[in-house]
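To start, the structure itself, in structure tokens.
Please treat every number below as a calculation from the coordinates, not as lab data. Bear in mind the structure is a predicted one, so any value in this text is a computation, not a measurement. Ideal geometry is used to build each Cβ from the backbone, glycine not excepted, and the neighbour counts take in all protein chains shown.
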Amino acid sequence: MVEQWQSFTSMFTKLAEDLKLPRVDTDKLIEAHRKNIDALARSAEAASEGAKSLAVKQREIVEEAIRETSAMVRDFKLESPQEAAAKQAELAKKAFEAAIRNTGDVAQLVQKSSADALRIIQERMQQSFEEIRGSVEKK
């Protein structure tokens, strides 16, 4: 059985040589794929860290909103309808400003984590192309 396999592979090796096909360095290809998998793992880690940062930021936003709302409710005193309307308008303005600020912060976190993960993949793709070109020897 081993002799048949050697004969079979020898036949294809000779055919490739006769046709002057490029020789592929399988060790380099295996190493390139190992590096690809490593880059995917690092990219996933970067995305995971981004998701963690986003969760922390969202928790901070909720905690801040609860603190601010509690303080506003605690300090809210109805003295006149005009004053109540002015305070409500002030509360709405503060809530709107906080929402805008927090949305910007969240967008920056998402953009950064996405860019970090994508950068890792892009760099590895560039390296991989160079490695693959180097692994094909022309006869």
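This structure gives Cα Rg over 2.2 N^0.38 Å, computed directly, and of (1) 2.14; (2) 1.24; (3) 1.16 that value is listed as (1). Excluding same-chain neighbours fewer than eight residues apart, the lysines reachable from residue 57 by a Cα-Cα span under 18 Å are 112. Listed by chain and number, the lysines whose alpha-carbon sits under 25 Å from that of residue 14, ignoring those within fewer than 8 places in the same chain, are 28, 138, 139. Site pair residue 67 and residue 114 shows an inter-label distance of 3.0 nm when each label is modelled 7 Å from Cα along Cα→Cβ.
Going by alpha carbons, how many degrees (0 to 90, nearest 10) lie between the helix axis of 81-135 and the longest principal axis of the chain? So the helix axis and the longest Cα principal axis differ by about 10 degrees. Between residue 57 and residue 133, the modelled labels are 3.7 nm apart [label points 7 Å from Cα along Cα→Cβ]. Magnitude of the charge dipole for the chain, about its Cα centre and with charges confined to Cβ atoms of Lys, Arg (+1) and Asp, Glu (-1), is about 200 debye.
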